[in-house]
Each structure stands twice: as structure tokens, then as C-alpha cells.
Amino acid sequence: MAKAYDHLFKLLLIGDSGVGKTCLIIRFAEDNFNNTYISTIGIDFKIRTVDIEGKKIKLQVWDTAGQERFKTITTAYYRGAMGIILVYDITDEKSFENIQNWMKSIKENASAGVERLLLGNKCDMEAKRKVQKEQADKLAREHGIRFFETSAKSSMNVDEAFSSLARDILLKSGGRRLGNSNKPPSTDLKSCDKKNANKCSLG
């Protein structure tokens, strides 16, 4: 019996507590949003299969929410991760400043050469913005990685961000060459709309 997918990629979301990691994963995996989620305790993952250039890619997306506050995200959580999404909240400057610490954690714990992506969440809360897009774009360019602003509430750019990371992993893992492999370090496919405040504050 043929496998239901061509590749299995493990993705990991990291970032400060409250930036919306759990909401992003649920939006991506289940296309759902609820502002009453209980903060994740322990490690959990969800699965979604996406199609990239005719290849079925099974994405196993791991949620570390609830762990970062106890400083327990260790090498065990990073083990086997092929892609890591660093998440900050555009309304929380501290969460953006801490991205550098998360970058350091990746360097210390993850596999060498793991694909990374910077993601600024809650971009529907434009009126409360504390982190300018240009700041994040500059940081992404410095590290040579892609950057998206997303909203788990409105779903803006969520699928695009995850699919972009999966595509980069496929290229690196020797999958069929997909178009131009010169990866732009910064990507913002759509501007976020200015809807009601995103209340999903849990990891």
C-alpha cells in the first residue's frame, strides 16, 4: 500500500509565552480560531499534509507553548526538527527583542543548518503595534531567513508561512528543484488587515 505522503517534516514553533504559537498551529492545522485556549502544558503537535509542486508533504508541527516560561525547551524538543518558526508578537516589543535569545537557543540545541523562519503574529492589531515591519525585516535579512507577518485570528499569511518553510526544507533535503532556489530573506505576501484585536494571547 502506497504511503499517503512523500515526505514527513517536523516543524517546531518557539518564542515567548503569549505570542500566539498555539493559535497559529491550530489555525494552520484545523483552520480554526478560539480565544479561550488553555495554555499548552508539555509538548504537543498537530499534523497537516500540504501539496507542494505535486509532492505530498506531511507536516508534524510541534507546539512548545507553556514550556518557555519554565526554561525547559531543551535539545530533546529540537531533536529531529527540520524547520523552526520563531514567533514574536508585533504588539510586544520584548517578545521581538527576545528573538535573539531564541536564535541562540537554536544554535545551541538544533541540528546544524536547520531551516528557520521569522514570524510576527497578531498583525491584525495594527493600532497596538510596537514592532515595525522594517525592524523585523532587517533582523531576518541579518540571519538570511524569511519573514512573515501573520494573524492567527484572520488567518492572514498563516498558510503561506508554513508552506514557504516546507518548500525550503524540501529544496534542502534534495526534493525536486522548485523554481528559483535563491531564497529571499524576507517575504510578506499580503499586508495584514486591521480587524478587531486578536485576543489569543496564549503561547
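The values are calculated or read from the model by the stated rules, or taken from the named source; none is laboratory data. What you are looking at is a predicted structure, and each value in this text was computed from that prediction instead of being measured. All Cβ positions, even for glycine, are placed from backbone atoms using ideal geometry, and neighbour counts span all protein chains on display.
Looking only at the range 114-151, residues that are within 11 Å of the chain's Cα centre (by Cα) and of a type in the set (A, V, I, L, M) come to 3 in all. Residue selection: LYS21 fails the criterion of being modelled with pLDDT under 90 and surrounded by 13 or more Cβ atoms within 10 Å (Cβ to Cβ).
Applying the condition of being among the hydrophobic types (A, V, I, L, M, F, W, C) and assigned to a loop (DSSP other than H, G, I, E, B) to the range 138-195 and asking which residue is modelled with the lowest pLDDT yields LEU178.
Of all the residues in the range 114-137, those that are hydrophobic (A, V, I, L, M, F, W, C), touching a strand residue (DSSP E or B) at 6+ places or on another chain (Cβ under 8 Å) and either part of a loop (DSSP other than H, G, I, E, B) or at positive phi (or both) number 3.
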